[in-house]
Every structure is written in C-alpha cells, then in structure tokens.
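The values are calculated or read from the model by the stated rules, or taken from the named source; none is laboratory data. Quick caveat, the model's predicted, so the values are computed rather than measured. Positions of Cβ are backbone-derived with ideal geometry, glycine not excepted, and every protein chain shown enters the neighbour counts.
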Amino acid sequence: MLELATVQGESVEEQGVDHSPLAIRGMTVSYGQKPAVFSVDMTVQPGAMTAIIGPNGAGKSTLLKAALGIVSPLSGQVTVFGQPLEDQRARIAYVPQRASVDWDFPTRVIDVILMGLSRQLGLLGRVRARHKARAMDCLNRVGMREFADRQIGQLSGGQQQRVFLARALAQDADLYLLDEPFAGVDAATEKAIIAVLKSLKEAGKTVVVVHHDLATVADYFDHVFLINTRKVAEGSVAQAFTAETLQSAYGGRLATAQIDQISRALG
Amino acid sequence: MLWEALSLQLGYNATLVAIGATLLGVSAGVTGTFLFLRKRALVSDAISHATLPGVCLAFMALVAFGGDGRNLIGLLAGSAVSAWVGLLCMNWLTRHTRLAEDAAIGAVLSVFFGFGIVLLTVIQTMGVGRQAGLEGFLLGSTAGMLWADAMVIAIGGAATLVLVMIIRRPMTMVAFDPEYAAARGLPVHRIDLAMMGLVMAVTVVGLKIVGLILIVALLIIPAVTARFWTDRSDRVVLLAGLAGGLAGYLGAGLSASAPNLPTGPIIVLVSFGFFALSLLFAPVRGVLAAVLRHLRFQRRVHIRQGLLALAQGQKIYEPLTIRLLRRAGVVRADGVATDEGKARAAKALRDEKRWEIVRSDLAHEATAALYDGLRDIETVLTLDQIAEIDRRIGGPQEITP
Amino acid sequence: MSGEEFVPLSLTPLLIGTFAAIACALPGNFLVLRKQALIGDAISHVVLPGIVVAFLLTGAISTWPMMLGAAGAAVVAVVMIEAIRRLGQIEPGAAMGVVFTTMFAGGVLLLEQTDTSTVHLDVEHALYGNLESLIWLDATGWQSLLDVQALAGLPPELPRIALTMVGVILFTWLFWRPLKISTFDEGFARTIGIRTGVLGMALVITAAIAAVAAFDAVGSIIVIAMFICPPAAARMMTNRLETQIAWSVIFATVSAVFGYVLAGYGPLWLGGEDAVSAAGMIATISGLMLALTAVFGPCRTRSGAPSHA
C-alpha cells in the first residue's frame, strides 16, 4: 500500500482486489508533462459509499475518467468486479460533471433518461411502454417526474444534475460513479441526490463520488479516498479521514482551523 | 529564371506583383495572428467568401453608370461592403440566435458565395465583355495585371500594415484575455470589429493576387507557423509577418519563373512548406521534440513507478515497466531487484516520504506546488532542508515487503 | 407546364438537387450540433484536388475513380486536420484552415499544370457544378417513367445521388441512438461502450461521401450550404432532435426545388432571357430560409444552462 499506510503498519489488502467493484493499479495520467494522477492504487469496497476527496486540481475527476477509459492513462490497470473493464461496462453507471455537456442540445428530459436504457434497447430496438415507464420511474425517484417533457436547457442546474442521476438509475448498474454531483446545486437537490445514493447502497450497490465538501463527508460516506496527485489515504471514514491525512492531502491549502473543526466534528 | 524573378529582374509588372505579394504576405500574416490568437481563424473564410457578391454588384453598378466594369478600386470597394455585411450577419447570428460561431461562419460563407455565383451568371448574360474576368477574383490572376492595379495592391498592403501596427496593443490584449481587457475598460466588441475590418482589408487587397478562396491561407498559415517558435505574442506577430512576407515574395518569384504556375496557389504552398517544417522541427512545440519528450517522460514515469513498487514489495503488472527496469539494470531477468535497484528503490520511497512532509507543511507551500511525482527532491530543496525533513521522518525505516 | 416539357428538362435536375440537399443536410445536423460545421466546408474544398489527382492517375474523366479520389482526399484532409490539431496543439479551426486551403491550392496548381483542355474539368465547374445540364433527353413525358428504354437514358448522376441519399439515410437510421448519445454527451457514451472515435470518423466519412456525390452533380457551393443552412434553420424551429431532422429535410427540399425553379424561371419573370446558376440560387434560398427562421423561429435563442442553480 502507500507510504502512509505502511508507516501506520497496515498490511496490504490484496485479497480484496479480486472482487472489488473497482480496482485500480499503478494508474498514472498526465496532461502534457505534468502528471495529474501519479501511480495511484485504489480498491473500492463493495456495497459502500466512497468519497474521492482532495484539493482542486488534485486529479479526482481525472482518476475517475481514466478508470472508465474516457481519458487514456500513461500506465495503469483497471478491473471491475475482478474482470476487465470492457466486459463489465453494463454494470457501471457514470454521472459526468454537469458542465461537460451542451445543455442547449435539442432533446427532452425523458430522452436523456432513455439514453440510460440504450443497452437494453440496442441499436434499433423500439422504445416501448415499459421503457417509458421505467424512465418515468427513475425520474420519479429523483423528484423530476413532472419535468419529463421539458427541454433540458430549461432546467436549473440542480434539476439538470438530477436528470443525470436519473439516467444513471435507468442503467440499473451495480457500480455508480459520480463526478462532483453536488457542485453548484441547491440544498433540495443535494438532499434528493444523497437520499437516492443511500437507497442504492441499501440495495447493495457500490457508489463512488468525487466530492469537494469536506464538511459533509462524514455524514454522507462510509469510505474515503484522499488524493493529491498521489494517493494520500484510503479506508473507512474513521480510519482515513483524519486531521493528519487531510493535512497531508491539502497541505497549506486547507486552513488549520478548518482541519481542526472537521477533526473535532469527527470526534 | 527563378533567380531573376527573385532579384526582381523580370520586368516591371512581375516586380510590382512580387512587392505587392510580399507586402500582402506581411500584413496578412500579422493580421491573421490576432485572429488566430483570438481562436477565430476561420472567420476569415466567411469574410473572404462574402466579398463575391460585392464584386459582382460593383461591376454591375459600374457598367450601369457607364463606367469601366473592371475599375479595380470600384470592385474592391464593392467587395469591402459586402464582406462587411457578411461579417455583421455572422456576428448577429452568433449573438442573437443559438447558433455557434462555426455554423454562422459556414452559413454566411456558403450563402454569400452562392449569391455571388448567381450574380456572376447574371453578369455573364449581360453581354459586357464576357464576365469581364471577374472569375479572376476566385483564384486570383496576376497575369495581365495593370500597373495601376499593382500600385493599388502595393499601397493597400502597406496601409493595412500601418493600421495593424497602430492598434496591435489593444488587439493583443483582447486576443489574450477578453474579460480582463473589458475590465480594463477596453471596448472589446469594437476592437473585435476593428480586427475584422483589418482582415477584410487584407482580403480585399489580396483578391487580385491570390483570390478569395486562398486568401484565408495567407491569414491563417503564417500565424500558426509562427506559434510553433515562440510563446510570446509580440514575437508571434513578428514571425508571422516574416513568414507571410517570405511566402509572398518567394511564391510570386516562383510563379513568375515558369509558365502555368499560378501565383496564389504557389504562395499558399510555399507558406505551407514553412508550416510543415515548423510543425515537425520546431524546438519546443514541434512534433519531433514533443515525441522525444513524451517518450522520455513516459520512461521516467514507468521507472519511478517501478522503483516505488519494488520498494514496497508490490507486484509490477505493466510489461513496459518491467522492460524498462530491466534495461536500467534495476531488476535482473528473473524480476528480482539488483543491489543497485534496491538502493534506488529505497531512495525513491524515501524521497516520496520527504515529499509528503513537504506537501503537508505550510512553510513549503511554494515547493510543494512543484510536486509531480517525478522531480528529484534535491533539485528543489537544499541539503540542509532535506536533513531537517529527514529528522522529522525519523531514522531510516526498513521497507516492509 | 406540361409533362412533355417538365419531365425531360426539369424533373431530373430537380430530383438530383433535392437528393443532394437531403444527403448533405442529414449528416449536417450532427456536424452542426458537434460544432464541426466547418468540416463540411473543408471537405468540399478538398474534393477538387482529389478529383484532379484521380484524373492524373487514370488519365480519363470517369466517375468512379474520381469519386474515389475525392473521398480519399476528404479522408486525408480529416486525418491531417486531426493530426495537426493533436500534434501541434492547434485549435481545430486553424488546423482546418491550414489543411483545406493548402490542398485546394495544390489542386489548382495540378490543374494548371495538366492539360485538361480536352476534358471538362475546371475550377468553376467544381465550385458551382452544372445542375441545369443534367437533363433527361430520352424522356417524352410522364409515361417515360415506365419506359425501360427511356429510363436507361437517365443522367447517371441521378441513380448515384439517389443511392448516396439512401446510404446516408440508412447510416443515420442505423446509428441513430449512438450518434445522438455521443453528440450530446461523449464521456457518457464511452462509458456505455460506444466507440466514439470510430463513430465520429464514420460520421465524417458519411458526410464526405455525401459531399462527393453531391459535388459530382451540383458543385461544392451547394454542398457547404446544405451541410449547414437547413440544419441551422431547423435548429431554430424545435427543441427535439427528431423534429429537427425532419425540419432540415423539409428545408433542404424546399431550397432545392425553389432554388432550381427560381434560377430557371425567375429571370424570365423579371424580363430577362437566360437562367442564372441553379446551385447558387439553391444556396441563396437556403440562406433566406435561415434568415427567416433566425428572426421568427420559435426556438431561435439559446436555452443554455444557468451555470448555477
């Protein structure tokens, strides 16, 4: 494992890798000459909610995108449920950052949800009543049922985020990967999203979220993965989300007072 | 023959064309740089195609009022007006509708050009001197150019250049950071329009030499070429002017040296030659340099990762890493670390630990920003600082395999 | 107008123009949405060098080698643009500008260097085609549509462009879902296993084939106009992709038909004697329709996302 873990005397949990929903080994991704992610290992715990946290530009989103093959890494290997990524695509649902698409695209909310069903629909399969019903059900779960026929550009930021989540729900995956789902959304949306994620966890699904709000980590998540280009710490919130690891990940960028506050909150 | 052309000994007209093409090349290169830095290179494509209806309408007007339809100044004035209208249409489409700039450019260029073709066929049927050589404006034609025409081009090219030089500062600022420029109180929209006006002027001046389809090349290629050689905007401007001028001069010379070598295309191809050389061989941004750099970088990443894995007793999965480690003498053929390899691995892990201290320490914030997983810590910290960090880490730790 | 006059003189150019317009407008919808509208512009410029090179290699004006040459040039251009963009880290617009102007210049130079006086190959023809000349001399009226002998005398451009249009429609229909998903959200598309790079290239190649076939009949100016104007105008009419595609087909058809009719008869109505360029007129009409929808279209303004809720 990594330095920190080694220093703390923990042993390497290699046996977890084989069945981990998402296991990353030796991942390095670089834009130009500076690695955004350097030699990172990650083993996601099944049936838990994991937060990937770290300062801005620490490679959080990059790690996720590289794990999914959206950006190509310089080195590194990814297994999903112990299998190569390509064989397990159907079991993964990904929620990209809201800003990554053109919301002026001519399409309705319901059409976006149906995109999540494209594996079931295949190339030419017709959208039938049951597909529609399933899409509506997913919209219902994020509280967006009445917006089904809206053009996506007419939604607020929080509503757009919920639409993206509903599309992921439609995929009916076992592993959900979300990139900054709480960035710039209203409180009601944040509540709705976290409720849905918790229900996924209860259903035995694995959830991984790129997260930026340290104050809510302990409330929302079971596990954390701290990254700042390199992995800083990985483990349960109690183990790995400590003043020491935060100081290590955020360095001078996180005010000491804030760290104290968080660690006090953690008890 | 080529030498004579290049030393301007091929007669009056050829000389004037060469001078005109050089001036045009310089002013197009310089103007185009601002367009390129503003990421709007292809706006020039819309502007140039939009000149055609103006040329035709001017011709028809000149004939209707009993003048000579081939009066160059009149035709160029017409082309300027319709290019300006095209530019306004494009701006309106991007500002007031949901169309992105690329679609607006394409719409304006195709529609204006199409309308120009309609007018061309109307002129064909007017029976005044069989189209009056207006097709020359499509691809340029320097053959049979009048002395007065050449003068217009030379003076126009020089005038454009002077104008560019006068407003280059605000244009640079707007191209670099429009929001900052606006905050500084610069009228960004008007400066943009002025820039477009200059592009239009270059286009109009260049119509006769390279034609409206190829003038775009003169505006874009030198700027892109120059960008490979420097990161400073003032030097990009200078180099683009140089590349454009040289292409204009050499192209005009080459085309005068033999038959069937049309001026416009030759200038463009010479210009592309400069571009291709820069793309491949420019010292920092060139492809060759970039490929070498990337390979070196990839090697460093893999070796470093391999060393860290060795130090922590982890299995190495990547075949490339293993191959590189073997070649560097870090591991033997059977995958076991050599003595030297062990030492290097221990050092790598220790450096990682040192970096970790540096990155979690407020006092080292500036240094910590330099971390990229590869940099040797000795290059950023003094020996004393490293000793201090080592003291904080504690005694040398054995690596638990 | 009677069938005796209409069928031999106007029917085939009308059909060819319409088919070409639709074949270009369909992929144009996706190009416009992907902000790659000018790929159409680039492709139509490089068709000329492709054709000239094919002519130089085969020494004859024959259709298939030339279409192959043009399609090859389009692929070369797209690959070069991509290479320059990535290798040189140049923005796509500038990379396009470098490539298509250079290739066009090369085409013009080759043309000037070659003796093409014996064949019908010149720049003007490449730019605005000759739709008016694609008449069906063997036809005597509507009944000729059932006459095998007369049908054999159809201008060969008609079956070619019809086939191309069918191919383009098939491509759009078959890959509708992946095209839509990857155009909207490329990252998501990759995570569900869509090969976005391959699909994007396939779209460009389809556009290139449409451009080449249309170019063969109507010249490159229509090609650019039809790639962009009908989809852009359709964009102002609706917020649904399916409806947008339908509108773009309508706009393309109307441009082709109106443009052709106006070019042929407009001058006569105005007291002139000769027709004007049909290709130019079709482009002009498509521009007028875009202008109308840009001013009056129900969905003409952006409905982009507010950046924060």
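For the stretch C:260-277, the tally of residues that are in a helix (DSSP H, G or I) and more than 9 Å from chain B (Cβ to nearest Cβ) stands at 8. Here is the figure for the stretch A:75-89: residues that are in a helix (DSSP H, G or I) and either more than 11 Å from chain C (Cβ to nearest Cβ) or hydrophobic (A, V, I, L, M, F, W, C) (or both) total 1. Among the candidates C:ILE194, C:ILE161, the residue that is more than 20 Å from the chain's Cα centre (by Cα) and surrounded by 19 or more Cβ atoms within 10 Å (Cβ to Cβ) is uniquely C:ILE194. Of all positions in the stretch A:235-246, at least one carries a residue that is of a type in the set (Gly, Ala, Ser), at pLDDT below 90 and either part of a strand (DSSP E or B) or within 27 Å of A:LYS65 (Cβ to Cβ) (or both). Scan the stretch C:191-228 for residues that are modelled with pLDDT of 90 or more and of a type in the set (Phe, Trp, Tyr) and report the count. Residues that pass the stated criteria total 1. At least 3 residues being closer than 29 Å to A:VAL80 by Cα, out of contact with any Cys (no Cβ under 7 Å at 6 or more places or on another chain) and more than 9 Å from chain C (Cβ to nearest Cβ) is the threshold, and among the helices (runs of 4 or more DSSP H) wholly inside the stretch A:111-216 those reaching it are A:129-141, A:157-170, A:187-202. Is one or more of the residues making up the stretch B:50-70 more than 30 Å from C:ALA94 (Cβ to Cβ) and charged (D, E, K, R)? Checking the stretch B:50-70: at least one residue is more than 30 Å from C:ALA94 (Cβ to Cβ) and charged (D, E, K, R).
If only residues of the stretch A:218-239 that are surrounded by 20 or more Cβ atoms within 10 Å (Cβ to Cβ) and of a type in the set (A, V, I, L, M) are counted, the one that is farthest from the other protein chains (Cβ to nearest Cβ) is A:VAL224. Going by the conditions given, is B:ALA348 within 12 Å of another protein chain (Cβ to nearest Cβ) and within 44 Å of the chain's Cα centre (by Cα)? Here the answer is yes, as B:ALA348 does meet what is asked.
Scanning the stretch B:291-314 for residues that are over 17 Å from A:MET27 (Cβ atoms) and surrounded by fewer than 19 Cβ atoms within 10 Å (Cβ to Cβ) yields a count of 8.
Using the structure shown, decide if A:ALA99 is under 23 Å from A:ASP213 (Cα atoms) and either buried (at least 24 other Cβ atoms within 10 Å of the Cβ) or among the basic types (Lys, Arg) (or both). For A:ALA99, the condition - under 23 Å from A:ASP213 (Cα atoms) and either buried (at least 24 other Cβ atoms within 10 Å of the Cβ) or among the basic types (Lys, Arg) (or both) - is not met. Residues of the stretch B:88-129 that are more than 7 Å from chain C (Cβ to nearest Cβ) and part of a loop (DSSP other than H, G, I, E, B): B:GLY127, B:VAL128, B:GLY129. Consider the stretch B:302-328 and keep the residues that are touching a residue at least 24 places away in the same chain (Cβ under 8 Å) and within 7 Å of chain A (Cβ to nearest Cβ). The one that is farthest from A:PRO73 (Cα to Cα) is B:GLN312.
For the stretch B:35-67, taking the residues that are under 13 Å from B:LEU134 (Cα atoms) and not hydrophobic (A, V, I, L, M, F, W, C), the one that is surrounded by the fewest Cβ atoms within 10 Å (Cβ to Cβ) is identified as B:GLY54. Looking only at the stretch C:216-259, residues that are closer than 15 Å to C:ILE22 by Cβ and touching a residue at least 60 places away in the same chain (Cβ under 8 Å) come to 24 in all. Identify, from the list B:ALA226, B:ALA276, B:ALA247, B:ALA243, the residue that is over 26 Å from B:SER79 (Cβ atoms), at pLDDT 90 or above, buried (at least 24 other Cβ atoms within 10 Å of the Cβ) and not hydroxyl-bearing (Ser, Thr, Tyr). Sole residue among the options that is over 26 Å from B:SER79 (Cβ atoms), at pLDDT 90 or above, buried (at least 24 other Cβ atoms within 10 Å of the Cβ) and not hydroxyl-bearing (Ser, Thr, Tyr): B:ALA226. Checking the conditions here, which among C:MET281, C:MET237 is within 23 Å of A:PRO106 (Cα to Cα) and either within 11 Å of chain B (Cβ to nearest Cβ) or part of a loop (DSSP other than H, G, I, E, B) (or both)? None of the others qualify; the one that does is C:MET237. Taking the conditions exactly as written (within 14 Å of another protein chain (Cβ to nearest Cβ), over 15 Å from the mean Cα position of the chain (by Cα), part of a helix (DSSP H, G or I) and of a type outside the set (Ser, Thr, Tyr)), does B:ILE266 satisfy them or not? Yes; evaluated as a whole, the condition is true for this residue.
B:PRO259 meets all of the listed conditions (1) in contact (Cβ under 8 Å) with a residue 60 or more places away in the chain; (2) farther than 30 Å from A:VAL40 by Cβ; (3) surrounded by fewer than 18 Cβ atoms within 10 Å (Cβ to Cβ) but one, namely (1).
Among the conditions (1) within 14 Å of chain C (Cβ to nearest Cβ); (2) in contact (Cβ under 8 Å) with a residue 40 or more places away in the chain, B:ALA290 misses just one, which is (2).
Counting only helices (runs of 4 or more DSSP H) wholly contained in the stretch C:118-205, the ones carrying 1 or more residues that are within 10 Å of another protein chain (Cβ to nearest Cβ) occupy C:123-128, C:157-174, C:176-184, C:186-191. The single residue among A:SER61, A:SER72 that is part of a helix (DSSP H, G or I) and either buried (at least 22 other Cβ atoms within 10 Å of the Cβ) or more than 9 Å from every other protein chain (Cβ to nearest Cβ) (or both) turns out to be A:SER61. The number of residues in the stretch B:358-389 being facing chain A (nearest Cβ under 8 Å) and out of contact with any helix residue (DSSP H, G or I) (no Cβ under 9 Å at 6 or more places or on another chain) comes to 1. Scanning the stretch A:32-58 for residues that are closer than 17 Å to A:VAL217 by Cβ, more than 12 Å from every other protein chain (Cβ to nearest Cβ) and outside any strand (DSSP E or B) yields A:VAL44, A:GLN45, A:ALA48, A:ASN56. Across the stretch C:226-274, the qualifying residues are those that are closer than 18 Å to C:THR284 by Cα and in contact with a Phe, Trp or Tyr (Cβ under 6 Å, 6 or more places away or on another chain), and the one among them that is surrounded by the most Cβ atoms within 10 Å (Cβ to Cβ) is C:PRO230. A single entry from C:ALA211, C:ALA225 fulfils the requirement of being of a type in the set (Gly, Ala, Ser), more than 10 Å from chain B (Cβ to nearest Cβ) and within 20 Å of the chain's Cα centre (by Cα): C:ALA211.
Looking at A:GLY184, A:GLY153, A:GLY158, just one residue is at pLDDT 90 or above and either surrounded by fewer than 24 Cβ atoms within 10 Å (Cβ to Cβ) or not acidic (Asp, Glu) (or both), and that residue is A:GLY158.
If the condition is being buried (at least 24 other Cβ atoms within 10 Å of the Cβ) and either touching a Pro at 6+ places or on another chain (Cβ under 8 Å) or charged (D, E, K, R) (or both), then the stretch C:1-32 contributes C:ILE16, C:ALA21, C:ALA25, C:GLY28, C:ASN29, C:LEU31, C:VAL32.
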